[in-house]
Amino acid sequence: MRAQSGATRMVMVAGAVAALSVVAACGGGEGSPIGNAGGDSTKASDGSVTLEFSQWWEPEMPKGALRGIMDDFEKANPGIKVNLISAPYASTQQQTVAGAASKTLADVVGLDGAWVSDFAKQKAIADLSTLMKDSGYDESQLASQIKVGGETYMIPVVNFVYPMFSNDDLLAKAGVSAPPATRTQFADAAKKVTATGNGAYGWILPLAQDAPNGIQNDVMSWAWASGGSMLKDGKPDVTNAAVTSVVTFIKSLWDAKVIAPGALTMKEQDKVEQFTNGRVGMMIDSLAHINLIRQNNPKLKFSISALPAEDGYTGKRGMPYASWGIGVSDSSPHKAQAFKLVQYLMSTDVNAKLSSIANAFPGNTKSVPDFVKSDAMFKTAFDIWNKGVPANEFTGLPTAEDLMRSFDVQLQETLANGQPVNTSLSNVQADWSSKF
Amino acid sequence: MSAPTIPAPTAPSPARPGRPAGAAPGRRRTSLGRRLAPYGYLAPVAVLMLVLMILPVAVVIRYSFFDNVIISPTSVLVGLRNYVQILTDPLFRTATRNTAVFTGVSVLAHLVLGLGFAMLLNSPLLGRRTKTVFRTIFVMPWLLTVAIIAILWRLLLDPNGVVNFGLQSVGLIDGPVAWFSELNLALPAVTVMNIWAGYPFFMVSLLAGLQGISADLYEAAAVDGASWWRRFFHVTLPSLRPIIISMALLDVIWTSQQFPLIWMTTGGGPLERTEMLSTYTYKLAFSEYQFAQASASAVIMLLVALVLAVFYVRHQRARD
């Protein structure tokens, strides 16, 4: 009898424990918010503060690299500790969306420019302009800032630029002596490379709808390289001459069959793989892939150059880039300490170190990463970067990924279904306008 | 002389028949504990179901009646507006049509292939070792995770992949075909991939069913002079009918919700040719941040699945 009632109690306790563990597990699941910035449980009795820093950077860096930088920060700032919350990009995005909604973002948040507008409107991330002013920070050293409504909400820590990669051997075989600098030269080179046969194509264009960043990196970059824009006074302006000429140009390449097949569902990694395997003459891609290409095909001879511009264009060339951005949670009780971490990561030496590790260009104009001194190709890219201007108009736009996808669908209508360019761009204009 | 008085029997407790009156409080507690014990045993599962299944579903249903959920702290009740928007969206209709074709063809092919392979493996014409080899080969797709299947088929159907190479080698095609990117080939391509990924489930279930059919039935049919086809239509199929119906209903539910295979190969493209209800809902939520409309779309999918689930449960009950 006693044993039975004991068993009953045990079952009750087990039930309670199971319930609590389930609730706890749900709290940390994928898609659930990250961080606990809403409360002040991160302040120890000795007055020290533990900051939470959510990002997708750590899994993309060598093991222990980001933790090492955080350890240095903790040494330089006694009383502040940093707890890294790391996950791959897609998980970080989902968790950050959930955290922004429930106001439980980590104190310091790794951000993609495409998310900023929505988070700023939700008041989930703090106005960095105020934090910079309060701490007397010299913002002139920042290469760029992502603003919404005139206030800064994200600072790009490091930038991954997208120059043009050329397969030297394929171009030489096609009788092209140097990477093209204008659209006419590019079209000519692409046709010549395709004509060499053996399954080689002049250009490669990833337009997968599930990852529509090809619109930003491989399509709109042509407009930015010639000083064009898809916006006017912060509003959509995709029917202008600059964007129309880009889509018309791409359509002409498509009709000439110089674009590698499979473009409509191709992703960025497929593009890099095809180029690495020597099947493509030219591609626009992240500088971060240089080492990957070298590693996977050490025999491939390739070079990088600025994106070709419209014939006769002499102005500064815009170069697309993607960033590891940083922001501060608006609900963090430790905003001042959180901004200290931002300042630290943006300081000249630390930013150079981080850039060197990530093979990216620094967000601080005074920082010079090591690879620029040791690698000629990175040096070339750094020179192109410094001569041009960073260009990514999708950064900071509302539902940026969806805008790209909308453009993607209409571009595919033009390429594969023969829809006139003007109709496609008018459709994009109407769709984008409804989202601004 | 007075008659001896016999004490009236104590009325048994309605709750515990036969329990003597004035039972000790400790025993009463034991009895309560005994009554609660089953609930205690059930509690972990009940809590798990509540937290992991009922609660999320309830939250999604609630979201579907509000506006700007998750992204705004001030969402307001909008009634059926999200449902009207979803049901009148041409893309939703395209996704529904694609899902219906994808599901219908997949389930039918799963059934035909599964039954064919199951009959092959059940055939007395094959030796034990041969059967083992074929069983291992046929069940292979089932052992692979969805991500691996997607990568495998992306490589196979790549313009520079094995399939194009083979077809070009035998002269069936002139140049490389981008199976996932051609407007008219994308939906058939993802359907073929899904058929390959899903037929082993049918095969294994039907093989178990075939092995359960009494040999006497076939012998009697053979004695009556029935041909192979007549034995198949009048013995095999009727015997397998309950399994086929159960499998088909489950497969319709699972296939209509297929997301990862589509997302990792075509992402719903090209030009919405492979847009399914699952990818449509995902894009609404994680690309447009329209969580309320995504919830409405998910609830519509849930209702369809629910109808099928009711049929499935009723069929199972009838079987039992």
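Restricting the stretch A:190-216 to residues that are buried (at least 23 other Cβ atoms within 10 Å of the Cβ) and in contact with a Ser or Thr (Cβ under 8 Å, 6 or more places away or on another chain) leaves a set whose member that is modelled with the lowest pLDDT is A:Q209.
Scanning the stretch B:47-83 for residues that are in contact with a helix residue (DSSP H, G or I) (Cβ under 9 Å, 6 or more places away or on another chain), without any contact (Cβ under 8 Å) to a residue 60 or more places away in the chain and of a type in the set (V, I, T) gives B:V47, B:V51, B:V59.
Tell me which helices (runs of 4 or more DSSP H) are completely within the stretch B:233-320 and hold 1 or more residues being over 30 Å from B:M203 (Cα atoms) and in contact (Cβ under 8 Å) with a residue 40 or more places away in the chain, or say none if there are none. The qualifying helices (runs of 4 or more DSSP H) are B:277-286, B:291-319. Quick check: is even one residue across the stretch B:160-173 of a type outside the set (A, V, I, L, M, F, W, C), assigned to a helix (DSSP H, G or I) and in contact (Cβ under 8 Å) with a residue 40 or more places away in the chain? No - not one qualifying residue is present in the stretch B:160-173. Just one of the listed residues (B:I213, B:I243, B:I253) is farther than 30 Å from B:A95 by Cα, more than 14 Å from every other protein chain (Cβ to nearest Cβ) and in contact with a helix residue (DSSP H, G or I) (Cβ under 6 Å, 6 or more places away or on another chain), namely B:I213. There is no residue in the stretch A:21-35 that is modelled with pLDDT under 80, in contact with a Phe, Trp or Tyr (Cβ under 9 Å, 6 or more places away or on another chain) and part of a helix (DSSP H, G or I). Restricted to the stretch B:267-293, and to residues that are at the interface with chain A (Cβ under 8 Å from one of its Cβ atoms) and of a type in the set (F, W, Y), which residue is nearest to A:A90 (Cα to Cα)? Among those residues, the one meeting the criterion is B:F286.
For the stretch A:349-385, filtering for residues that are free of Cβ contacts under 8 Å to residues at least 24 places away in the same chain, surrounded by 20 or more Cβ atoms within 10 Å (Cβ to Cβ) and not small (G, A, S) leaves 4.
Only strands (runs of 3 or more DSSP E) whose full extent lies in the stretch A:82-177 are considered here, and none of them has at least 2 residues that are free of Cβ contacts under 8 Å to residues at least 24 places away in the same chain and within 30 Å of A:V219 (Cα to Cα). Looking at the stretch A:198-307, none of the strands (runs of 3 or more DSSP E) lying wholly inside it contains 1 or more residues that are charged (D, E, K, R) and over 23 Å from the mean Cα position of the chain (by Cα). Every condition in (1) farther than 18 Å from B:M119 by Cβ; (2) free of Cβ contacts under 8 Å to residues at least 12 places away in the same chain is met by B:W179 except one, and the failing one is (2).
The values are calculated or read from the model by the stated rules, or taken from the named source; none is laboratory data. Keep in mind it's a predicted model, so treat the numbers as computed, not measured. Please note: Cβ atoms are built from the backbone with ideal geometry, for glycine as well, and neighbour counts cover all protein chains shown.
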